[in-house]
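K.L.:
Dumping the structure here so I can ask a few things about it.
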Amino acid sequence: YMSALLTSVLDKTDKMVGYINECKRMGIKVLAPDINESEVNFSVSGKDIRYGLSAVKNVGRAVVEQIIAEREAHGNFLNFYEFCERTMKASKDIDSRTVESLVLCGAFDSFGLRRKQLITAYSDIRKSLQVSIREEQEGQISLFGMATEDDRKNSAAAIYRYPDVPEYSKKELLALEKQVTGLYLSDHPMNEYEPMFESTEAVRISTLNDEEEGYGNNDKVRVFGILTKVTRKMTKSETMMAILQLEDLTGA
């Protein structure tokens with residue numbers, strides 16, 4: 001039921017945050033996107049819910065369906081290089097923005113590499129594959145569809161050396177996750193401040209639009225969160241104003 005609710009609000013981040021918080025309250029984990037586990041939409045994974053790939057920005061439903069079709073036809077992706085190789089052969093619709101968004105949301109974390117390693121390597125991998133695929137199409141017969149898993153484990157994908165670069169900082173990782181999903185998935189910058197919440201006498205942001213809580217226009221409330229967005233605008237009287245977005249663990 002909660003999986004279906006989350007799928008119904010794929011394009012409504014605020015509502016999605018609310019449902020994810022409800023899942024937490026119910027003891028249901030919402031697992032991060034995974035290239036070998038996720039479906040198009042949110043799906044049931046044991047007692048938990050797996051994040052749907054189509055909820056990632058720059059990753060359209062049609063592209064996700066092509067990725068899953070390739071996965072179902074030839075088995076799970078063994079590593080990042082092999083994912084690039086197989087999907088580039090299977091579809092021309094899977095572009096750089098799609099792959100980079102999948103990296104930044106953590107969809108390839110199960111391969112054991114740092115996200116910055118994959119982002120740094122991706123351009124080189126893509127160029128190399130474009131050459132080999134073109135050569136293959138110009139006259140060589142592809143045996144890829146006939147390859148066994150052992151063959152694939154010993155392919156160029158298995159021996160590719162990724163650049164040894166340090167991971168993004170924790171702050172950068174979370175900011176990039178939010179950029180491509182609208183949410184913080186692996187952690188939340190407010191978690192470290194949560195023990196201070198009770199002493200602030202603040203209200204949860206999610207309650208401000210709750211009719212049962214009884215808040216109305218011009219009520220003064222205290223909130224405790226992080227500033228996530230500042231939009232500056234010029235008023236009709238030619239003075240500068242700013243619209244601020246504040247976010248806590250329950251909403252913005």
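K.L.:
Would you tally the residues in region 162-174 being in a helix (DSSP H, G or I) and open to solvent by less than 40 Å² (accessible area, probe 1.4 Å)?
P.N.:
2
K.L.:
How many residues are more than 20 Å from Glu177 (Cβ to Cβ) and crowded, with 21+ Cβ neighbours inside 10 Å when one looks only at region 83-112?
P.N.:
Residues flagged as more than 20 Å from Glu177 (Cβ to Cβ) and crowded, with 21+ Cβ neighbours inside 10 Å within region 83-112 amount to 5.
K.L.:
While we're looking at this one, here's another question. Could you grab me the full set of residues in region 220-252 that are over 23 Å from Lys15 (Cα atoms) and open to solvent by 50 Å² or more (accessible area, probe 1.4 Å)?
P.N.:
If the condition is that a residue be over 23 Å from Lys15 (Cα atoms) and open to solvent by 50 Å² or more (accessible area, probe 1.4 Å), then Lys220, Arg232, Lys233, Met234, Lys236, Ser237, Glu238, Thr239, Met240, Met241, Ala242 are the ones that fit.
K.L.:
Within region 175-187, does at least one residue satisfy the condition of being closer than 18 Å to Gly18 by Cβ, open to solvent by 100 Å² or more (accessible area, probe 1.4 Å) and not in a helix (DSSP H, G or I)?
P.N.:
No: region 175-187 contains no residue that is closer than 18 Å to Gly18 by Cβ, open to solvent by 100 Å² or more (accessible area, probe 1.4 Å) and not in a helix (DSSP H, G or I).
K.L.:
Given (1) in a loop (DSSP other than H, G, I, E, B); (2) closer than 23 Å to Met16 by Cα; (3) among the basic types (Lys, Arg), identify the lone condition not met by Lys220.
P.N.:
Evaluating Lys220 over (1) in a loop (DSSP other than H, G, I, E, B); (2) closer than 23 Å to Met16 by Cα; (3) among the basic types (Lys, Arg) leaves (2) as the failure.
K.L.:
Considering only region 143-196, state which residues are of a type in the set (Gly, Ala, Ser) and at pLDDT below 90.
P.N.:
Gly145, Ala147, Ser155, Ala156, Ala157, Ala158, Gly182, Ser186
K.L.:
Any residue in region 201-230 that is of a type in the set (Phe, Trp, Tyr) sitting within a Cβ distance under 7 Å of a residue that is in a helix (DSSP H, G or I)? List the pairs, counting only those 6 or more apart or interchain.
P.N.:
Final answer for the pair search is Phe224/Phe197; Phe224/Thr200.
K.L.:
Has region 53-74 got any residue that is in contact with a strand residue (DSSP E or B) (Cβ under 9 Å, 6 or more places away or on another chain), buried (at least 16 other Cβ atoms within 10 Å of the Cβ), without any contact (Cβ under 8 Å) to a residue 60 or more places away in the chain and not hydroxyl-bearing (Ser, Thr, Tyr)?
P.N.:
No.
K.L.:
Something else about it: Out of the residues in region 19-44 that are of a type in the set (Gly, Ala, Ser) and open to solvent by 40 Å² or more (accessible area, probe 1.4 Å), which is nearest to Glu70 (Cα to Cα)?
P.N.:
By that ranking, first place goes to Ala32.
K.L.:
Give me the pairs: first residue in region 163-188 and at positive phi, second residue outside any loop (DSSP other than H, G, I, E, B) and among the hydroxyl-bearing types (Ser, Thr, Tyr), beta-carbon distance under 9 Å, and six or more apart or on different chains, which are they?
P.N.:
Pairs that qualify, where the first residue is at positive phi and the partner is outside any loop (DSSP other than H, G, I, E, B) and among the hydroxyl-bearing types (Ser, Thr, Tyr), are Gly182/Thr13.
K.L.:
Could I ask something else about it? Show me the helices (runs of 4 or more DSSP H) entirely contained within region 1-118 in which 2 or more residues are closer than 24 Å to Lys170 by Cβ and modelled with pLDDT of 90 or more.
P.N.:
The qualifying helices (runs of 4 or more DSSP H) are 96-104.
The values are calculated or read from the model by the stated rules, or taken from the named source; none is laboratory data. Remember, predicted model here, so these are calculated numbers, not experimental data. Note that each Cβ is placed from the backbone with ideal geometry, even for glycine, and that neighbours are counted across all protein chains shown. We work out accessible area using only protein heavy atoms, side chains counted, and drop any ligands, DNA or RNA first. Shrake-Rupley method; radii C 1.70, N 1.55, O 1.52, S 1.80 Å.
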